[in-house]
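K.L.:
Following this message is one structure expressed as structure tokens.
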Amino acid sequence: MSYIRKRKGWEIPERSVTSEDIYWNRRRFIKAMGLGSIGALSLATGCEAGETSTKEVMSPTIRNPLDAPARDLYPVKRNLSFTANRSLTPEDIAAGYNNFYEFTTDKEGVWPLAQKLNIKPWEIEITGLVDRPQKCDIDKLIRMMPLEERIYRFRCVEAWAMTVPWTGFPLKALIDKVKPKSSAKYLRFITFMRPTEAPGQYSASWYPWPYFEGLTMAEATNELTLLATGIYGHPLPKQHGAPIRLITPWKYGFKSIKSIVRIEFVEKQPPTFWNKLAPAEYSFTANINPKVPHPRWSQASERIIDTGKRVPTLPYNGYGEYVAQLYKS
Ligand code: MTE
């Protein structure tokens, strides 16, 4: 994911200047050697430079934060109606390769930085065109909702994919509680604004922080649409968008807004973060479609992040039976 603004030389991530295959083969080689970072390899060969030489280890409490809400409720029962027909992505790979621009644009640098995010206390506000607006502590909200686990495929517009078990509840269950007015046609989602905890919010000042997203009411009430509060049988780690994020598995991952603080019911289609930055590249709808290439990424196939294998992209990420009818005019 990136905006078309030209980066300064020192901002270009290594994978942008190395061909993708070479990049991924090298990472696999490093992992196979048991070396935690590219910096460790530089020390061995003396011919690479530019990445940290500190070996960072993802501790169990980084995967499953101690300050997470409603920790005692996990793991929850899996809903077997939602399986992905693909192997699960190993947890450490999913938790170490993230898009969360509030922290950094370097996917492998997100998890250490995201630990600074303070998720206790955390309030979420449900507001706008509803009869019963709420401002609720996240721990209380999670305890009121019907938690379940679902295995979903997840697909980024950058053409990488993973398969993970989310814990969460259907967004529809929350919508039913707040009783939207008939004039409410869209939902608008907003992330926190905390530049002291999230360095990208002050260093990448050209982005229109805080991150915002939107869905139509029909999309929001579709049975696939989850508010996820956990992953791999425990609460969400910070890098995946603790304490609560959106999941719409038939849409590109940028729709899945992380660390939500406000949901507003509105009458008009709300602006969205990436669409505002580059409308020709990121649509409001953003449904996964192998036939419509992004200017920088063909969408015909996708790279599975743990194996590096390329597989054909499925329309709606394989969820057409649930959602295709939403788009028939
Ligand atoms: N939400 C916020 N607040 N900030 C972000 O930068 N990135 C999006 C989405 N949600 C993003 C976000 C993108 S581009 C993707 S692909 C997914 O989060 C990545 O989710 P993951 O890191 O849990 O795999």
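FYI, it's all coordinate maths here, none of it is from the lab. Keep in mind it's a predicted model, so treat the numbers as computed, not measured. A quick note on method: Cβ atoms are made from the backbone with ideal geometry, for glycine too, and the neighbour counts reach across all protein chains shown.
K.L.:
Counting alpha carbon pairs within less than 8 Å and at least 6 residues apart, what relative contact order, in whole percent, applies to region 65-327? Write out the running numbers ahead of the final one.
P.N.:
Values: 574 pairs, mean separation 59.9, N = 263.
Contact order relative to length: 23 percent.
K.L.:
Want the number for Lys172 to Glu125: 0.36 nm per residue separation, take away the alpha-carbon distance, what's left?
P.N.:
Numbers: separation 47, 0.36 × 47 = 16.92 nm, distance 1.59 nm.
Length gained between Lys172 and Glu125: 15.3 nm.
K.L.:
Arg194 versus Thr83, label points 7 Å from Cα toward the beta carbon: distance in nm?
P.N.:
3.9 nm
K.L.:
Okay, moving on. Starting at the first residue of region 237-246, write each ³J(HN,Hα) from the Karplus equation 6.51 cos²θ - 1.76 cosθ + 1.60 with θ = phi - 60°, in whole Hz, x for Gly and Pro.
P.N.:
Along region 237-246, the couplings run x, 4, 5, 8, x, 4, x, 7, 9, 8 Hz.
K.L.:
On a 24 Å Cα-Cα criterion, which of the cross-link pairs Lys251/Lys291; Lys120/Lys268; Lys185/Lys258; Lys140/Lys268; Lys172/Lys268 come out too long? Intermediate results must be reported in sequence, preceding the final value.
P.N.:
Details: Lys251/Lys291 14 Å; Lys120/Lys268 33 Å; Lys185/Lys258 22 Å; Lys140/Lys268 30 Å; Lys172/Lys268 20 Å.
Distance filter (> 24 Å) returns Lys120/Lys268; Lys140/Lys268.
K.L.:
Sort the following peptides by mean Cβ neighbour count (other Cβ atoms within 10 Å, averaged over residues), highest first: 308-317, 160-169. Intermediate values should be presented prior to the final figure.
P.N.:
Numbers: 308-317: 15.8, 160-169: 22.7.
So the order, starting with the most tightly packed, is 160-169, 308-317.
K.L.:
Let me ask something else. Stretch Lys140-Ser205 to full length: gain in nm at 0.36 nm per residue minus the Cα-Cα span?
P.N.:
Values: separation 65, 0.36 × 65 = 23.40 nm, distance 3.40 nm.
Stretched out fully, the Lys140 to Ser205 stretch lengthens by 20.0 nm.
K.L.:
Per-residue counts of other Cβ atoms within 10 Å, averaged by peptide: what ranking do you get for 257-269, 68-80, highest first? Show your work: numbers first, answer last.
P.N.:
On the way: 257-269: 19.7, 68-80: 15.1.
The packing order, highest mean first, is 257-269, 68-80.
K.L.:
Another question about this same structure. For Asn275, what is the net charge nearby, where nearby means another residue's Cβ is under 11 Å from its Cβ and Lys, Arg count +1, Asp, Glu -1?
P.N.:
Numbers: positive: Lys255, Lys276; negative: Glu213, Glu281.
Neighbour charge sum, excluding Asn275 itself: 0.
K.L.:
Can you work out ³J(HN,Hα) from phi for every residue in region 310-327, in order, using Karplus 6.51 cos²θ - 1.76 cosθ + 1.60 and θ = phi - 60°, giving whole Hz and x for Gly and Pro?
P.N.:
Karplus values, whole Hz, x for Gly and Pro: 9, 10, x, 7, 9, x, 6, 6, x, 9, x, 4, 8, 10, 4, 5, 5, 10.
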